[in-house]
């Protein structure tokens, strides 16, 4: 665009703060600027403090200050509000080009359209929609972002796990064919879990202490994969397990391929994928622990030391990813891509129902 894309963040929690920080740590994204943040649950003193000091990602490598109703980051002033609903913020007067919805509270079409009604031109959502029709498009950067036209009003950035697994499954499908896939996500704790047992969630497992147990939780990962890779429809199953660490997650991928494949072939394919998806897929065969990937911006890091094959078409791959930092970087990647499309695509006057993916 002729001027920087003016971003707002709604929900300044783990992802919202990582998005702002990633923008300031990435000099190649100077075409984006955050000009407003709405955070209903925290005052500006707490927002400033947690921007500067982060237990997971360390001290902010810059200057964070407070103004009168503003957060000042590296000299850039950001208007701060504390509204509980989208309608309570005058986004139109803030001249927002794109809202990054990072609260995790809005996933239906009706909910997301309240941001459009309140003056936001476009919304990029940090989670999947409830269904394909709740958003105009769902993007996994590097896979289908070429389908963005600039005419969309509501776009989903999918989930951190979807961004990690879809490029890998796409490569396997293209090279060998995938008959079946079973995904087990080992995910770090999230804020829908209590530190000690409590009345915290309708899912009884999530009433249990996050830091004392390994806890199975429900996941819609299989449906998300099938939306983006329709050739795998009916072939994917998934489950998720929360593990008591603060950050970095992994996917244990079991696949039945269309032909027998050796460990060497699988790892060679994944190494080539790092060239096809620069900045998105990485490869390593060192003896890793999860902490090695904290603050890693890739969507997926293939651990070649854990690749297995039994010679009957069955294979097992292990994929690391920083569920906070990698995903926040993908949100900015999609915002950059969308900005390029927006230049030649005026915002449609009538709100339209979302279209099927890919």
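Observations, loosely collected:
- Residue under evaluation residue 277, criteria (1) closer than 14 Å to residue 171 by Cα; (2) over 23 Å from the mean Cα position of the chain (by Cα), criterion not met: (2)
- Filter pass, residue 223 being closer than 30 Å to residue 175 by Cβ and modelled with pLDDT under 95: yes
- Restricting attention to the range 251-265, the residues being surrounded by 15 or more Cβ atoms within 10 Å (Cβ to Cβ), out of contact with any strand residue (DSSP E or B) (no Cβ under 7 Å at 6 or more places or on another chain) and not in a helix (DSSP H, G or I) number 0.
- Leading residue by the ranking (farthest from the chain's Cα centre (by Cα)) among those in the range 206-235 that are in contact (Cβ under 8 Å) with a residue 60 or more places away in the chain and surrounded by 14 or more Cβ atoms within 10 Å (Cβ to Cβ): 232
To keep it simple, each residue is scored yes or no on (1) in contact with a helix residue (DSSP H, G or I) (Cβ under 9 Å, 6 or more places away or on another chain); (2) in a helix (DSSP H, G or I).
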| residue | (1), (2) |
| --- | --- |
| 164 | yes, yes |
| 167 | yes, yes |
| 173 | yes, yes |
| 198 | yes, no |
| 202 | no, no |
| 213 | yes, no |
| 219 | yes, no |
| 226 | yes, yes |
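- Checking each residue in the range 106-143 for being free of Cβ contacts under 8 Å to residues at least 40 places away in the same chain and part of a helix (DSSP H, G or I) picks out 110, 111, 114, 117.
- Residue in the range 119-129 that is out of contact with any strand residue (DSSP E or B) (no Cβ under 9 Å at 6 or more places or on another chain) and assigned by TED's automatic domain parsing to the domain that holds residue 14 present: yes
- Out of 94, 71, 23, 99, one residue alone is crowded, with 16+ Cβ neighbours inside 10 Å, assigned to a helix (DSSP H, G or I) and in contact (Cβ under 8 Å) with a residue 12 or more places away in the chain. It is 23.
- Residue match in the range 312-321 (condition: more than 24 Å from residue 142 (Cα to Cα), outside the structural domain of residue 17 (by TED's automatic domain parsing), out of contact with any strand residue (DSSP E or B) (no Cβ under 7 Å at 6 or more places or on another chain) and modelled with pLDDT under 95): yes
- Whichever residue in the range 102-116 is surrounded by fewer than 17 Cβ atoms within 10 Å (Cβ to Cβ) and touching a helix residue (DSSP H, G or I) at 6+ places or on another chain (Cβ under 7 Å) and, among such residues, is nearest to residue 273 (Cα to Cα): 108
- Listed by position, the strands (runs of 3 or more DSSP E) inside the range 266-347 whose residues that are surrounded by fewer than 19 Cβ atoms within 10 Å (Cβ to Cβ) number at least 1 are 281-284, 314-321.
- Residue in the range 80-88 that is free of Cβ contacts under 8 Å to residues at least 24 places away in the same chain, part of a loop (DSSP other than H, G, I, E, B), surrounded by fewer than 14 Cβ atoms within 10 Å (Cβ to Cβ) and over 19 Å from the mean Cα position of the chain (by Cα) present: no
The values are calculated or read from the model by the stated rules, or taken from the named source; none is laboratory data. Predicted model, so just to flag it, every value in this text is computed and none were measured. Every residue, glycine as well, gets a Cβ built from its backbone with ideal geometry; the counts of neighbours run over all protein chains shown.
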